């Protein structure tokens, strides 16, 4: 969202006012929220903080964003480009390369030898040397960038695809011959030539794997022919579940389930609203059995303090829904972190992933300055936090920032922080230890796999 970029950039700047070494000044076990001093770490007994790598070079000082994984590599987006880490030894990650390519948010996915990058800020052109340019100018560019990562130490930018209203996020439907990207974007304006209202659609980009330079938009399905709730104007994020041929969309005022049997013609098969507590439907996660969906509400757009007694436990939270065999959603409960934060700290539900445990539904999730929360929603009516890691207010002035995405991959949790860089965590619960036996060779969290849980 165009107004959000400036907010998060300023929060990230505040978060950089303390050197990263200060993060390890105290152990902080059992401390959280308003008990923490500036940049002090707090964590539960069952969560270990293994390391932190601050952003550097061309990415220093810019906002860290989303994560993707392939083999022993972590790909981390940043408003100024992306960085690749070798996490063969998670406690001592090694930087492989970083690419300067400004254009927020730079959310990233990987598919074999291809890397996809989302640009949702109006740029002078599609190059990695572009500069900001008003969206009111027809020549401005936003959309998808494609890199060849066959030599991962030397990524090559090979193709761009312009999409209506840019690409705030994208979701990958991988294939042996063709990849499809569901591009989510929003905030149309009558003065923007390439982002005209009502924009009730998504863009679908087709990428031939053998000829990725032939990538193009092949469909722009209208998901909300009635305009959606309060002019929904597209989606913020879509999580696809390719094996089940369904997807869950978080679309500002609506939560939807999509039939994606035909990937270029998705069909809305159910739709829910929460006009009491949800302000901005942000993202979605299926449980491993495909019988539940967790939707997040990003109240305040990521820049507001919502983790306090004033806002309460049901706003800026997760909504847990049961998903029936006929793909219908039924609301069950809310989950919000129980750790109140200072009013100077931006905090709200954000990006997370499943921890693959047999017989249980467990997630790890980012909450900006609320940190990384480990929580169990096996009982849909009574979700509970089972672990956490967080930092106190950023810098002496008590500023914001915090973690954008926290994802579980092959035994560890990796977190991308807006201002602090790349964190590696480990949860030591014996009950969750078998999750480490589930080995993946690739993970794009919005392309949700069915884990072979142990």
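The values are calculated or read from the model by the stated rules, or taken from the named source; none is laboratory data. What you see is a predicted model; the values in this text were computed from it and never measured. A quick note on method: Cβ atoms are made from the backbone with ideal geometry, for glycine too, and the neighbour counts reach across all protein chains shown.
Being more than 16 Å from residue 44 (Cβ to Cβ), surrounded by fewer than 24 Cβ atoms within 10 Å (Cβ to Cβ) and under 21 Å from the mean Cα position of the chain (by Cα) holds for only one residue in 395, 411, 419, 387, and it is 411. With the requirement that a residue be part of a helix (DSSP H, G or I) and either surrounded by fewer than 22 Cβ atoms within 10 Å (Cβ to Cβ) or at positive phi (or both), what does the range 55-86 give you? Listed by number, the residues that qualify are 57, 58. Entry remark, the range 324-358: residues being assigned to a loop (DSSP other than H, G, I, E, B) and in contact (Cβ under 8 Å) with a residue 40 or more places away in the chain number 17 in total. Each residue in the range 115-139 was checked for being closer than 13 Å to residue 161 by Cα and buried (at least 21 other Cβ atoms within 10 Å of the Cβ), and 5 of them qualify.
Please find, among 332, 360, 315, the residue that is touching a helix residue (DSSP H, G or I) at 6+ places or on another chain (Cβ under 6 Å) and over 22 Å from residue 222 (Cα atoms).
Values: 332 fails: touching a helix residue (DSSP H, G or I) at 6+ places or on another chain (Cβ under 6 Å); 360 fails: touching a helix residue (DSSP H, G or I) at 6+ places or on another chain (Cβ under 6 Å).
On inspection, the qualifying residue turns out to be 315.
Considered as a group, the residues in the range 335-360 that are over 19 Å from residue 65 (Cβ atoms) and under 17 Å from the mean Cα position of the chain (by Cα) include one that is surrounded by the most Cβ atoms within 10 Å (Cβ to Cβ), and that residue is 355. Are any residues in the range 196-219 assigned to a loop (DSSP other than H, G, I, E, B), at pLDDT 95 or above and surrounded by 14 or more Cβ atoms within 10 Å (Cβ to Cβ), and if so, which ones? Across the range 196-219, the qualifying residues are 202, 209, 215. Is it true that residue 319 is in contact with a strand residue (DSSP E or B) (Cβ under 6 Å, 6 or more places away or on another chain), farther than 17 Å from residue 295 by Cα and crowded, with 17+ Cβ neighbours inside 10 Å? Criteria not met by residue 319. Filtering the range 427-440 down to residues that are under 18 Å from residue 49 (Cβ atoms) and surrounded by 16 or more Cβ atoms within 10 Å (Cβ to Cβ), which residue is nearest to the chain's Cα centre (by Cα)? Top of the filtered list is 427.
Could you identify the single residue in 401, 419 that is in contact with a strand residue (DSSP E or B) (Cβ under 6 Å, 6 or more places away or on another chain), under 25 Å from residue 53 (Cα atoms) and part of a loop (DSSP other than H, G, I, E, B)?
On the way: 419 fails: in contact with a strand residue (DSSP E or B) (Cβ under 6 Å, 6 or more places away or on another chain).
After applying the criteria, what remains is 401.
Among the residues making up the range 221-239, those that are in a loop (DSSP other than H, G, I, E, B), at pLDDT 90 or above and within 13 Å of residue 167 (Cβ to Cβ) are 235, 236.
Among the residues in the range 361-371, are any surrounded by fewer than 21 Cβ atoms within 10 Å (Cβ to Cβ) and either at pLDDT below 95 or part of a strand (DSSP E or B) (or both)? Quick ask: steps written out before the conclusion?
So the first thing to find is which residues in the range 361-371 are surrounded by fewer than 21 Cβ atoms within 10 Å (Cβ to Cβ), and the list is none.
Looking through the range 361-371, none of the residues is surrounded by fewer than 21 Cβ atoms within 10 Å (Cβ to Cβ) and either at pLDDT below 95 or part of a strand (DSSP E or B) (or both).
All of 118, 130 fail the test of being touching a residue at least 12 places away in the same chain (Cβ under 8 Å) and not in a strand (DSSP E or B), apart from 130. Considering only the range 174-191, state which residues are out of contact with any strand residue (DSSP E or B) (no Cβ under 8 Å at 6 or more places or on another chain) and under 23 Å from residue 228 (Cβ atoms). Result: 187, 188, 189, 190, 191.
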